[in-house]
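Computed from the coordinates by the stated procedures, all read-outs in this text should not be read as laboratory data. The shown structure was predicted, so the numbers you read here are calculated from the model rather than taken from an experiment. Cβ sites come from the backbone with ideal geometry, for glycine too, and all protein chains shown count toward neighbours.
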Amino acid sequence: MSFDLIVKGGTLPDGTVADIGINGDRIAAIEPSIDAEAGRVVDASGNLVSQPFVDPHFHMDATLSYGLPRIASGTLLEGITLWGELKPVLTHEAVKERALAYCDWAVSMGLLAIRTHVDTGDDRLLAVEALLEVKKQIAPYIDLQLVAFPQDGLYRSPNARENIIRALDLGVDIVGGIPHFERTMSEGMRSVTELCEIAAKRGLMVDLHCDETDDPLSRHIEQLAYETKRLGLQGRVAGSHLTSMHSMDNYYVSKLLPLIAEAGVSAIPNPLINIMLQGRHDTYPKRRGMTRVPEMLKAGIRTGWGQDCVRSMVLPRHSRHARRRLHGIARRPDVLARGHAHLLQHGHQGQRRDHGARSSRPGRWQIRKPGGARCGQSDRGGALARRAALRRGEWEGRG
Ligand SMILES: [Zn+2]
């Protein structure tokens with residue numbers, strides 16, 4: 001048997017070393033050693049060969065904008081204010097240029113599937129149009145999903161609803177929202193209902209920024225699970241961030257987690273940003289900003305880590321170098337049904353020191369789900385893996 005391409009001696013995610021034989025766009029063999037003719041042989045000794053990394057939560061319209069319009073302390077509400085100042089002076093070309101620069105970084109790190117929220121609060125829908133163009137341009141290399149995200153709230157901003165509909169009409173894939181930013185808890189609940197109804201009517205997925213607060217009573221995830229079940233959206237809905245869960249009463253969480261699992265709602269924690277943003281009003285004890293990942297996994301809730309930001313107004317210092325430390329490894333639940341995920345979590349010591357916010361929280365932890373899928377076992381993951389192997393050279397020559 002001969003192959004178009006053999007990737008030799010790479011280490012698979014489960015730690016075994018193997019050769020991978022590829023014909024056309026198919027992974028045809030994964031063996032300890034393949035001795036066969038090949039059009040091309042790539043020596044991957046000493047390197048990890050895996051499914052592409054997947055980032056299920058990002059803000060590509062804000063990426064690489066650190067310093068625009070000015071530098072501030074880095075809290076969430078301040079970041080939203082800064083973004084509001086920047087929006088009117090954004091240009092189509094600048095958004096596109098920064099997004100494409102980020103995509104170069106993503107590809108260089110093996111990140112080939114990204115779900116990005118795009119702010120629909122600007123009546124011009126400038127970022128939406130720019131990222132739709134980016135999506136088209138990078139389609140051969142990166143699977144990019146766009147979420148219509150009303151950053152200023154569905155009810156706090158006069159044209160928010162209309163703009164979401166316009167964005168979806170233009171081709172944005174997913175309905176987003178930010179219930180904890182609405183004026184009242186009940187308006188937040190109402191926004192969850194309305195956004196889920198929009199998605200149900202159009203046959204779309206939902207991904208809401210949900211309870212990204214330190215308030216133990218912020219419980220929009222409960223409403224999201226309820227509406228998912230009521231409208232038959234099981235398997236199509238995700239709640240992002242979910243940080244209020246770190247402060248909720250244990251009894252309440254023991255009821256909540258089975259409801260989330262029953263509704264088939266996925267969870268997308270974004271630990272790198274939330275360990276930086278949450279607990280800023282705490283004296284002691286200082287909360288870590290982490291939602292309950294181990295408990296959610298144990299409850300059978302599909303969970304995938306997102307990156308959220310790189311060098312933006314809410315995560316200023318996050319860098320390409322940091323990504324090299326595997327900060328951004330994540331998986332999107334609907335792409336990789338099985339797999340493994342690692343997360344190395346650092347204390348962002350420099351950042352905290354610079355902002356004078358409080359002492360760092362050093363330490364790191366790793367979560368591994370053993371027995372993950374190998375290259376090619378998942379159709380979608382396999383397809384993306386092939387892109388990783390075959391397209392990287394083309395990307396580098398993208399020009
Ligand atoms: Zn976000």
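Towards the positive end of the charge dipole of the range 128-250, with charges on Cβ (+1 Lys, Arg; -1 Asp, Glu), say which of HIS246, ILE221, VAL147 has the farthest Cα.
VAL147
Under the Karplus relation 6.51 cos²θ - 1.76 cosθ + 1.60, θ = phi - 60°, what is the ordered set of whole-Hz ³J(HN,Hα) values for the range 275-281, x standing for Gly and Pro?
Each residue's phi maps through the Karplus curve to give 5, 8, 8, 7, x, 5, 9 Hz.
Could you give each residue of the range 196-211 its phi-based ³J(HN,Hα) in whole Hz, using Karplus coefficients 6.51, -1.76, 1.60 with θ = phi - 60°, and x for Gly or Pro?
Ordered by residue, 3J(HN,Hα) equals 5, 5, 4, 5, 4, 5, 9, x, 10, 8, 10, 9, 9, 5, 10, 6 Hz.
So if I take the centroid of the Cα atoms in the range 221-235 and the same for the range 1-65, what is the distance between those two points in Å?
Value for the Cα centre distance between the two parts: 37 Å.
Read phi for every residue in the range 287-299 and hand back ³J(HN,Hα) as whole Hz from Karplus 6.51 cos²θ - 1.76 cosθ + 1.60, θ = phi - 60°, with x for Gly and Pro.
Per-residue couplings from phi come out as 6, 8, x, 9, 6, 8, 5, x, 5, 5, 4, 5, 7 Hz.
Under the classification rounded if a/c is under 1.5, otherwise prolate if a/b is larger than b/c and oblate if not, where does the range 217-296 fall, given a ≥ b ≥ c as square roots of the Cα gyration tensor eigenvalues? Don't skip to the end; give the middle numbers.
Working: a/c = 2.49, a/b = 1.86, b/c = 1.34.
Note, shape of the range 217-296 comes out prolate.
What ranking do 131-141, 298-308 get when scored by the average of other Cβ atoms within 10 Å per residue, highest first? Display every interim value, and only then the final one.
Values: 131-141: 17.5, 298-308: 22.6.
Averaged packing, sorted descending, gives the order 298-308, 131-141.
Where does each of 227-240, 79-92 land if you order them by average Cβ count within 10 Å, highest first? Walk me through the intermediate numbers first.
Numbers: 227-240: 20.6, 79-92: 15.6.
So the order, starting with the most tightly packed, is 227-240, 79-92.
Using r as the Cβ-Cβ distance of GLU187 and MET1, and R0 as 56 Å, what FRET efficiency do you calculate, to the nearest 0.05?
Values: r = 63 Å, r/R0 = 1.12.
Here the calculated transfer efficiency is 0.35.
How much of the DSSP beta bridge set in the range 2-49 is antiparallel, as a percent to the nearest 5? Walk me through the intermediate numbers first.
On the way: 10 of 17 bridges.
Of all bridge pairs located within the range 2-49, approximately 60 percent are antiparallel.
Given a Förster distance of 22 Å, report the FRET efficiency between ARG40 and SER108 from their Cβ-Cβ distance, rounded to the nearest 0.05.
Numbers: r = 21 Å, r/R0 = 0.93.
About 0.60, to the nearest 0.05.
Going by the alpha-carbon gyration tensor, a ≥ b ≥ c the square roots of its eigenvalues, is the range 2-49 rounded (a/c under 1.5) or, if a/c is not under 1.5, prolate (a/b greater than b/c) versus oblate? Walk me through the numbers before you get to the answer.
Numbers: a/c = 1.91, a/b = 1.70, b/c = 1.12.
Verdict is prolate for the range 2-49.
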